[in-house]
Number of protein chains: 2
Amino acid sequence: MTFAAIPLTMHFDKPLLLKGGGVLSAYQLQYETYGRLNQNRDNAVLICHALNASHHVAGYYEGQAKSTGWWDNMIGPGKPVDTERFFVIGVNNPGSCFGSTGPMHTDPHTQQVYGADFPVVTVEDWVNAQARLLDAMGITQLAAVMGGSLGGMQALSWSLQYPQRVRHAVVIASAPNLNAENIAFNEVARRAITTDPDFHGGHFYAHGVVPKRGLRIARMLGHITYLSDDVMNTKFGRALQSGEVFKYSTQEIEFQIESYLRYQGDKFSEYFDANTYLLITRALDYFDPAAQYQGNLTKALAQACAKFLLVSFTTDWRFAPARSREIVQALVANQRDVSYAEIDAPHGHDAFLMDDRRYLKLVRSYFAGIQTQSVEVA
Amino acid sequence: MTFAAIPLTMHFDKPLLLKGGGVLSAYQLQYETYGRLNQNRDNAVLICHALNASHHVAGYYEGQAKSTGWWDNMIGPGKPVDTERFFVIGVNNPGSCFGSTGPMHTDPHTQQVYGADFPVVTVEDWVNAQARLLDAMGITQLAAVMGGSLGGMQALSWSLQYPQRVRHAVVIASAPNLNAENIAFNEVARRAITTDPDFHGGHFYAHGVVPKRGLRIARMLGHITYLSDDVMNTKFGRALQSGEVFKYSTQEIEFQIESYLRYQGDKFSEYFDANTYLLITRALDYFDPAAQYQGNLTKALAQACAKFLLVSFTTDWRFAPARSREIVQALVANQRDVSYAEIDAPHGHDAFLMDDRRYLKLVRSYFAGIQTQSVEVA
């Protein structure tokens with residue numbers, strides 16, 4: 001059972017000072033809410049999105065086919081994050097391309113489209129922007145903040161930037177920072193985009209073009225890293241796209257996996273913004289709460305006082321279980337209340353979006369244990 | 001101790017019929033030899049190269065700095081494959097870009113540069129071309145054929161195409177075929193090249209340009225897959241390229257790993273041919289000796305009668321140890337003489353080119369056990 005969702009917009013005129021030195025003097029956030037805020041205002045759950053997702057977390061848009069939110073299997077009435085009990089908020093981050101202020105918007109100072117001049121944003125900046133949205137909604141403390149992958153980094157950062165405002169942090173398929181290989185993949189994707197002749201140094205909007213070649217390559221590559229070796233072999237293996245014999249061609253499609261990746265790349269290049277891709281991969285690269293503690297994650301997490309649920313997936317080689325365990329160990333060293341599950345799932349990094357029975361049951365059970373005033377009182 | 005190597009060229013006028021249906025009506029092979037062929041002509045060792053290597057396996061070129069062969073740590077006087085005992089042959093495969101007939105050469109039929117019209121070549125075709133070179137040299141049987149990665153596929157294919165001509169097959173860091181993820185990475189690299197506006201459908205030579213953007217991306221991506229996660233973390237980690245603080249930039253280099261990859265990509269794009277990249281990745285994709293036996297590798301390897309050494313490396317995720325074990329198990333099922341070593345090495349796929357003491361000692365010991373007439377008799 002799902003429900004109709006309605007995207008909302010909130011404008012902010014107070015400048016947002018950014019960690020990288022830039023500033024967003026005025027901006028808007030696109031967001032959605034599901035369920036009802038209770039009288040105590042203590043049942044809000046903030047969902048943070050990853051690279052290519054948005055504020056449209058659950059439900060569908062009236063009259064639009066295939067408009068189901070990206071985490072609709074997790075969030076909704078009677079679902080693991082039950083909107084009959086919780087007031088759930090999905091918000092699009094600044095710099096993204098789904099409605100919140102981003103590189104395709106006009107800089108109020110220059111009256112020019114931002115393009116490559118959009119200021120660099122970080123996980124910490126996003127958390128600050130999200131906190132302002134909560135302020136405006138009159139929510140002092142979240143029942144939980146939750147995210148997967150880059151969204152998990154935001155959930156972790158919430159527990160450090162606003163320790164008193166988070167009762168539970170749910171950090172799924174995430175990591176305390178990117179390792180060299182993660183950064184390397186991001187860099188290849190960025191170079192594919194920035195060396196596309198249609199990129200024009202990031203000011204392609206003015207030229208009426210889109211660096212689709214680069215976006216396609218970025219997405220194809222990203223997609224490989226979201227899947228496990230196993231699931232790719234099961235789903236595609238060496239199956240041919242057509243017929244039973246090779247065409248013997250260097251440029252035509254031979255294997256189904258090639259067709260699948262090209263399709264994913266083409267689709268992505270039709271809707272995703274190239275500057276957003278650069279900004280968000282950089283936010284991933286930069287996140288590293290332990291950096292200011294000489295790499296000591298235990299010290300970095302000492303200020304967190306939320307309760308934690310961490311989840312990782314055995315076949316996730318992008319954000320491997322070992323990376324989640326680093327966070328768990330640092331929390332345990334700080335004697336924090338932390339639950340950790342390593343789910344044996346075949347789907348690689350993408351598992352956090354999948355219908356894995358044990359995973360959904362686990363999250364359901366965790367949220368059932370989060371205390372709030374009954375929503376019926378409101 | 002190393003030695004001066006001299007590249008040689010041999011012309012062939014008898015057409016080479018190719019598995020994919022094409023034909024090379026006349027062609028040349030670039031090759032090198034080290035050591036002396038003995039009177040019995042039973043001490044020849046053929047070295048097969050991988051994606052971006054050549055016939056220049058060992059030694060250096062007189063008067064050229066940094067011209068050491070790509071497997072010079074393995075092959076030479078007193079080295080694991082000892083050129084005091086063995087007559088070692090390195091040969092560049094057709095379709096490559098290091099001297100043997102390739103896409104940048106002129107098609108004798110059309111008098112046009114081949115470009116994208118160079119016929120698709122396979123591992124089996126390369127083995128046939130290599131066999132003709134041996135014919136011309138009067139070598140009926142190889143003491144050993146040896147290769148790593150794609151070179152290992154050629155060594156394996158030798159044992160199947162010319163079972164009587166190979167006494168030992170040394171197959172290192174290889175696989176019986178590519179899996180879906182391997183093909184996927186190849187496809188991303190190919191798309192980066194073919195969608196580069198300077199590719200011109202593969203006929204870029206006529207336009208006086210080179211699709212360097214695509215080649216750079218292909219190489220950066222390839223490079224990530226040659227290294228292990230561990231070695232990247234050890235070598236680069238999150239170290240910054242300059243200074244101790246971020247520049248906060250989406251396009252400038254921040255991390256050392258980015259600088260390293262860009263450098264590798266730039267260097268590669270200066271010397272490697274784009275059509276060759278397509279051809280060689282396709283040869284990788286197509287190789288699958290079990291395909292004509294409904295995927296039954298044991299049946300496919302039944303015709304091999306060589307003795308085998310297989311070596312894999314624990315951190316190689318491109319051609320993981322499990323893939324070598326598939327070959328070992330199929331050979332054992334056929335009751336063939338097979339030695340297998342899984343080397344605990346940190347370097348990933350690139351380990352097969354590295355100075356790992358145990359690995360080099362193992363190969364040394366294996367070759368010491370290969371019987372030949374004493375070379376001194378010649």
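Below are the figures for this structure:
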read-out: Segment B:99-217, accessible area per residue, ligands and nucleic acids excluded (1.4 Å, Å²); value: 27 Å²
read-out: Over chain B: helical MRE at 222 nm, DSSP H runs n ≥ 4 each giving -39500 (n - 2.57), nearest 500; value: -10000 deg cm²/dmol
read-out: Backbone HN-Hα couplings from phi across segment B:343-358 [Karplus 6.51/-1.76/1.60, Hz, Gly and Pro as x]; value: 8, 7, 10, x, 8, x, 4, 4, 4, 5, 9, 8, 7, 8, 4, 5
read-out: Alpha carbon centroid spacing (whole Å) that separates segment B:225-278 from segment B:313-345; value: 31 Å
read-out: Reduction of at least 40 Å² in accessible surface, 1.4 Å probe, comparing all protein chains with the chain by itself, residues of segment A:264-309; value: A:ARG282, A:TYR286
read-out: Members of segment B:212-260 that become less accessible by 40 Å² or more once partner protein chains are added (1.4 angstrom probe, chain alone as reference); value: B:ARG213, B:ILE217, B:MET220, B:ILE224, B:ASP229, B:ARG238, B:TYR248, B:THR250, B:GLN251, B:PHE255, B:GLU258
read-out: Other-chain or far-sequence residues with amide H under 5 Å of A:HIS168's (modelled H); value: A:ALA144, A:VAL145, A:LYS307
read-out: Anisotropy class of segment A:106-149 from Cα gyration tensor, a/c 1.5 cut; value: oblate
read-out: Average projection area in nm² (convex hull over Cα atoms of chain A, one quarter of hull surface); value: 19.8 nm²
read-out: Karplus-derived 3J(HN,Hα), 6.51/-1.76/1.60, for each residue of segment A:35-49, Hz, glycine and proline x; value: x, 10, 6, 7, 4, 6, 6, 10, 10, 7, 10, 9, 9, 9, 9
read-out: Å² of accessible area per residue within segment A:22-88, as computed with a 1.4 Å probe and no ligands counted; value: 35 Å²
read-out: Number of Lys pairs (Cα under 19 Å; 8 or more positions apart or on different chains) in chain B; value: 5
read-out: Cα radius of gyration and Dmax for segment B:200-292 (Å); value: 17.1, 57
read-out: Among B:GLY138, B:VAL231, B:VAL166 - extreme Cα towards positive end, dipole of segment B:130-235, charges at beta-carbon; value: B:GLY138
read-out: GNM flexibility winner over chain A from A:GLY63, A:GLY99, A:GLY265 (Cα, springs under 10 Å); value: A:GLY63
read-out: Highest-MSF residue in chain B out of B:MET104, B:MET137, B:MET220 [GNM, Cα springs under 10 Å]; value: B:MET137
read-out: Estimated distance in nm for a label pair at B:GLN39 and A:LEU360, the labels positioned 7 Å out from Cα along Cα-to-Cβ; value: 7.9 nm
read-out: Highest-MSF residue in chain B out of B:THR122, B:THR33, B:THR250 [GNM, Cα springs under 10 Å]; value: B:THR250
read-out: Heavy-atom accessible surface that A and B bury in contact, both chains counted, 1.4 Å, Å² to 100; value: 4900 Å²
read-out: Hz values of 3J(HN,Hα) by residue in segment B:54-65 - Karplus curve (6.51, -1.76, 1.60), Gly and Pro given as x; value: 8, 5, 7, 7, 9, x, 9, 9, 3, x, 10, 5
read-out: Segment A:200-301, accessible surface, carbon-and-sulfur percent (1.4 angstrom probe); value: 49 percent
read-out: Shielded residues, segment A:175-189 - accessible-area loss of 20 Å² or more between chain alone and all protein chains, probe 1.4 Å; value: A:ASN179, A:ALA180, A:GLU181, A:ILE183, A:ALA184, A:PHE185, A:GLU187, A:VAL188
read-out: Loop-located GluC sites (Glu not before Pro) in segment B:256-358 whose Cβ has at most 10 other Cβ within 10 Å (DSSP); value: none
read-out: In Å, descending, principal axis extents of the Cα set of segment A:4-163; value: 47, 39, 28
read-out: Convex hull (Cα only) mean projected area of segment A:127-273, reported in nm² to one decimal; value: 12.7 nm²
read-out: Nitroxide proxy distance, nm - points 7 Å out along Cα→Cβ at A:ALA206 and A:ARG325; value: 5.2 nm
read-out: Gyration tensor (alpha-carbon) shape descriptor, segment B:238-378, a/c threshold 1.5; value: prolate
read-out: Mean separation of Cα contacts under 8 Å (6+ apart) over length of chain B, as relative contact order %; value: 19 percent
read-out: Other-copy label distances relative to A:ASP337, 7 angstrom Cα-Cβ extension, nm; value: 6.8
read-out: Inter-copy separations for A:LYS66, label at 7 Å along Cα-Cβ, nm, ascending; value: 4.9
read-out: Other-chain or far-sequence residues with amide H under 5 Å of B:ALA341's (modelled H); value: B:LEU310, B:VAL311, B:SER312
read-out: Whole-percent pair-distance distribution, where bins are 5 Å wide, for the alpha carbons of segment A:1-55; value: 4, 13, 15, 21, 24, 13, 7, 3, 1, 0
read-out: Relative contact order [Cα under 8 Å, 6+ residues apart], segment B:173-225, whole percent; value: 37 percent
read-out: The protein assembly as shown - Kirkwood radius from inverse mean 1/r over Cα pairs (Å); value: 28.0 Å
read-out: GluC sites (Glu not before Pro) within segment B:17-87, DSSP loop, no more than 16 other Cβ atoms inside 10 Å; value: B:GLU62, B:GLU84
read-out: With every protein chain in place, segment B:1-88: carbon and sulfur % of accessible area (1.4 Å); value: 51 percent
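The values are calculated or read from the model by the stated rules, or taken from the named source; none is laboratory data. Predicted model, so just to flag it, every value in this text is computed and none were measured. Here the Cβ is made from the backbone with ideal geometry for all residues, glycine too, and neighbour counts use every protein chain on show. Keep in mind that these areas ignore ligands, DNA and RNA; they rest on the heavy atoms of the full protein, side chains included. Shrake-Rupley method; radii C 1.70, N 1.55, O 1.52, S 1.80 Å.
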